[in-house]
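One structure is given here, and the rest of the page talks about it.
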Amino acid sequence: MKTYPNISDAEWAVISTLWDKSPLTSTEIIEKVSKTNDWNPKTIHTLISRLVKKEAITAIKEGNFYKYSPNYTKEELSNHETKSFLKKIYNGSLNMLIANFIKEETLTKNELDELKKILKENNK
């Protein structure tokens, strides 16, 4: 079974940048992340280092710089995070998550139709 790193919300902002385009240097990552966050460049460097340490991203030296690339796809880590959340909050019960969501949110007819379609396809 493949293991995945646990990614914090802040680290998620960094790795998302790399999913959009990679490889990138730390300067390029800082430039892109700074557009949506007011974090100090040192903070972003720390996040990059944590992701390397967790093996979520790879650093390859090119000349005087390191270029960073993700080791996992967005889909892989999204699925991992979803399963982790489901297990932590709903004791692994997808049924409880969906029931709670439907009780708390007003769904449009299109959203309900889409859910029905997904359930039918999953039931085959």
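The values are calculated or read from the model by the stated rules, or taken from the named source; none is laboratory data. For clarity, every value in this text was computed on a predicted model and none was experimentally measured. Using ideal geometry, Cβ is built from the backbone for each residue, glycine included, and neighbour counts are taken over all protein chains shown.
For the range 19-41, which positions are assigned to a helix (DSSP H, G or I), polar (S, T, N, Q) and touching a Ser or Thr at 6+ places or on another chain (Cβ under 9 Å)? Can you show your working first?
So the first thing to find is which residues in the range 19-41 are assigned to a helix (DSSP H, G or I), and the list is 19-20, 26-34, 41.
With polar (S, T, N, Q) added as a condition, the list becomes 26-27, 34.
Listed by number, the list is empty, since nothing qualifies.
What are the pairs with Cβ atoms under 7 angstrom where one residue, in the range 1-23, is in contact (Cβ under 8 Å) with a residue 40 or more places away in the chain and closer than 13 Å to residue 73 by Cα and the other, located anywhere, is hydroxyl-bearing (Ser, Thr, Tyr) and buried (at least 18 other Cβ atoms within 10 Å of the Cβ)? Sequence gap at least six, or different chains.
Once the first residue is in contact (Cβ under 8 Å) with a residue 40 or more places away in the chain and closer than 13 Å to residue 73 by Cα and sits in the range 1-23, its partners that are hydroxyl-bearing (Ser, Thr, Tyr) and buried (at least 18 other Cβ atoms within 10 Å of the Cβ) give 4/72; 18/68; 22/68.
Given the condition modelled with pLDDT of 90 or more and in a helix (DSSP H, G or I), answer yes or no: does some residue in the range 90-99 qualify?
Taking the range 90-99 and keeping what is modelled with pLDDT of 90 or more, we get 90-91.
Pick out the ones that are also in a helix (DSSP H, G or I) and you get 90.
Within the range 90-99, one or more residues are modelled with pLDDT of 90 or more and in a helix (DSSP H, G or I).
Checking the condition aliphatic (A, V, I, L, M), part of a strand (DSSP E or B) and modelled with pLDDT of 95 or more, which residue from 60, 44 passes? Working first, answer last.
Values: 44 fails: part of a strand (DSSP E or B).
Of 60, 44, the one residue that is aliphatic (A, V, I, L, M), part of a strand (DSSP E or B) and modelled with pLDDT of 95 or more is 60.
If you take the residues in the range 47-57 that are assigned to a helix (DSSP H, G or I) and surrounded by 18 or more Cβ atoms within 10 Å (Cβ to Cβ), which one is nearest to the chain's Cα centre (by Cα)? First the steps, then the outcome.
Filtering the range 47-57 down to residues assigned to a helix (DSSP H, G or I) leaves 47-53.
Next, from what is left, pick out any that are surrounded by 18 or more Cβ atoms within 10 Å (Cβ to Cβ): 47-48, 51.
Numbers: 47: 14, 48: 14, 51: 12 Å.
Among those residues, the one meeting the criterion is 51.
Just checking, how many residues over the range 1-16 are surrounded by 15 or more Cβ atoms within 10 Å (Cβ to Cβ) and out of contact with any Pro (no Cβ under 7 Å at 6 or more places or on another chain)?
First, pick out the residues of the range 1-16 that are surrounded by 15 or more Cβ atoms within 10 Å (Cβ to Cβ): 4-5, 7, 10-16.
Going one step further and asking which of them are out of contact with any Pro (no Cβ under 7 Å at 6 or more places or on another chain), we end up with 4-5, 7, 10-14, 16.
Total meeting the criteria: 9.
Please enumerate the residues belonging to the range 57-66 that are touching a residue at least 24 places away in the same chain (Cβ under 8 Å) and in contact with a helix residue (DSSP H, G or I) (Cβ under 6 Å, 6 or more places away or on another chain).
Scanning the range 57-66 gives a single hit, 57.
Taking residue 30 as the residue in question, decide whether it is in contact with a Pro (Cβ under 8 Å, 6 or more places away or on another chain), of a type outside the set (Ser, Thr, Tyr) and in contact (Cβ under 8 Å) with a residue 60 or more places away in the chain.
On the way: in contact with a Pro (Cβ under 8 Å, 6 or more places away or on another chain): yes; of a type outside the set (Ser, Thr, Tyr): yes; in contact (Cβ under 8 Å) with a residue 60 or more places away in the chain: no.
For residue 30, the condition - in contact with a Pro (Cβ under 8 Å, 6 or more places away or on another chain), of a type outside the set (Ser, Thr, Tyr) and in contact (Cβ under 8 Å) with a residue 60 or more places away in the chain - is not met.
When you scan the range 20-33, how many residues do you find that are under 18 Å from the mean Cα position of the chain (by Cα) and either surrounded by fewer than 16 Cβ atoms within 10 Å (Cβ to Cβ) or hydroxyl-bearing (Ser, Thr, Tyr) (or both)?
Adding up the residues that qualify gives 3.
Among the residues of the range 60-112, which ones are surrounded by fewer than 12 Cβ atoms within 10 Å (Cβ to Cβ), of a type in the set (Lys, Arg) and under 30 Å from residue 23 (Cα atoms)?
Within the range 60-112, just 61 meets the criteria.
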